[in-house]
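A quick write-up on the structure given underneath.
The values are calculated or read from the model by the stated rules, or taken from the named source; none is laboratory data. Owing to the predicted nature of the structure, the values given are computational and were not obtained by experimental measurement. Cβ placement follows ideal geometry from the backbone for every residue including glycine, while neighbour counts extend to all protein chains displayed.
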Amino acid sequence: MYNLVEKRKWYYLASAILIIPGLIVMIYSTVTTGSPLRLSIDFTGGVIWEMRFPQAVQPAEVRAVFVEKGLTDTAVTTVGDERTVQARLKAIEDATKAQLGDLLAERFGGLEELQFRSVGPTVGREVARTAGIAIAVASLAILLFITWAFRNVPHPVRYGTCAILAMLHDVLLIMGFLAIMGYVAGWEVDALFLTAVLTLIGFAVQDAIVVFDRIRENIPKHRGEPFEVIANRSLLETLHRSMVTQLNAMFVMIAILIFGGATIKQFIAAMLVGLLSGTYSSIFNAVPLLVSWEKGEIGGFFRRLVGRGATA
């Protein structure tokens, strides 16, 4: 039987290598801009520009004109029919607006402006704070539920704690990815970012619970075996199910990423990274962390840290 769990220290190192660059970028962004991520107009506010063309247009083609002028965060949707579109973008100068109007009229054979007005942020600090509270409450609820569901096995609270730690791994990885892409490609987070994070929390915890449940079933079946062997056996028994489930979702995400519209590419990319991270963390973080805890490795690690601090 192949032993996946014994290489757990390498998995922890891989997770650190993936997360630390994103954390560094988020810290730098917070110091320089006041926010760990580049925020779109959903958070900062901007303008709505509604216009009608003499012919049917595709939102992606209209958005391309704004992108050419450096307004990459512009979101364009049709309104009512294929000739009317609404662009949501950051506040612009009158001269820039005039240039954009001329370009749009030239590209699509004319332009009728229906409205141009300033709007406030649809996702303000209060909503973002509420989302953070929701994640905290969900984490506590997950911890309590898993502790209750696994009450018949030794140390049930450890199962819930390891599931939460794996979930936090995924959240940090998604945020780090978007922070890096913000500097590399100018990506800005919008309301869909909160949707992606909250959705992926469920995916990540679900996979971990599947493996933990198999561990719970195998403990009485294989009495006398070391916990590491039982955990590894359970991981191998559920590996196929986890991979098939996640790969099906990933294939859909990749197809949408390749063929979908430009306005949802960032959302889909975040979802794809989150699915990859959730698959990795449920297999290579949640269960190995549980084994490390059961074997006393986590307590030993902190004792060594305290000892080094005392001797320094």
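Annotations
- Subset tally (residues that are assigned to a helix (DSSP H, G or I) and buried (at least 16 other Cβ atoms within 10 Å of the Cβ)) for segment 136-164: 15
- Yes/no for Gly224 being in the same structural domain as Leu178 (by TED's automatic domain parsing) and on the phi > 0 side of the Ramachandran plot: yes
- Residues that are over 21 Å from Ala286 (Cα atoms) and assigned to a helix (DSSP H, G or I) do occur in segment 47-59.
- Note on segment 1-48: among residues that are among the aromatic types (Phe, Trp, Tyr) and free of Cβ contacts under 8 Å to residues at least 40 places away in the same chain, the one that is nearest to Glu237 (Cα to Cα) is Trp10.
- Beta carbons closer than 7 Å, at least 6 apart along the sequence or on distinct chains, pair a first residue in segment 130-152 that is closer than 19 Å to Ile215 by Cβ and assigned by TED's automatic domain parsing to the domain that holds Ile219 with a second that is hydroxyl-bearing (Ser, Thr, Tyr) and not in a loop (DSSP other than H, G, I, E, B) for Leu143/Thr161; Ile146/Tyr159; Phe150/Tyr159.
- Remark: Glu225 falls outside the filter, which requires a residue to be part of a helix (DSSP H, G or I) and among the charged types (D, E, K, R).
- Output for segment 192-237, where each listed residue is farther than 25 Å from Glu297 by Cα and crowded, with 17+ Cβ neighbours inside 10 Å: Leu192, Phe193, Leu194, Ala196, Val197, Leu200, Ile201, Phe203
- Scan of segment 184-222 for residues that are closer than 24 Å to Thr44 by Cβ and either basic (Lys, Arg) or without any contact (Cβ under 8 Å) to a residue 12 or more places away in the chain (or both), ordered by number: Val184, Ala185
- Candidates in segment 72-91 are the residues that are closer than 26 Å to Val184 by Cβ and of a type in the set (D, E, K, R); of these, the one that is modelled with the lowest pLDDT is Asp73.
- With respect to the conditions (1) part of a strand (DSSP E or B); (2) crowded, with 18+ Cβ neighbours inside 10 Å; (3) of a type in the set (A, V, I, L, M), Val25 lacks only one, and its number is (1).
- When Thr72, Thr96, Thr30, Thr77 are checked against the criterion of being surrounded by fewer than 17 Cβ atoms within 10 Å (Cβ to Cβ), in the same structural domain as Ala191 (by TED's automatic domain parsing) and of a type in the set (S, T, N, Q), Thr30 stands alone in meeting it.
- Residues of segment 108-117 classified as buried (at least 16 other Cβ atoms within 10 Å of the Cβ) and within 38 Å of the chain's Cα centre (by Cα), total: 1
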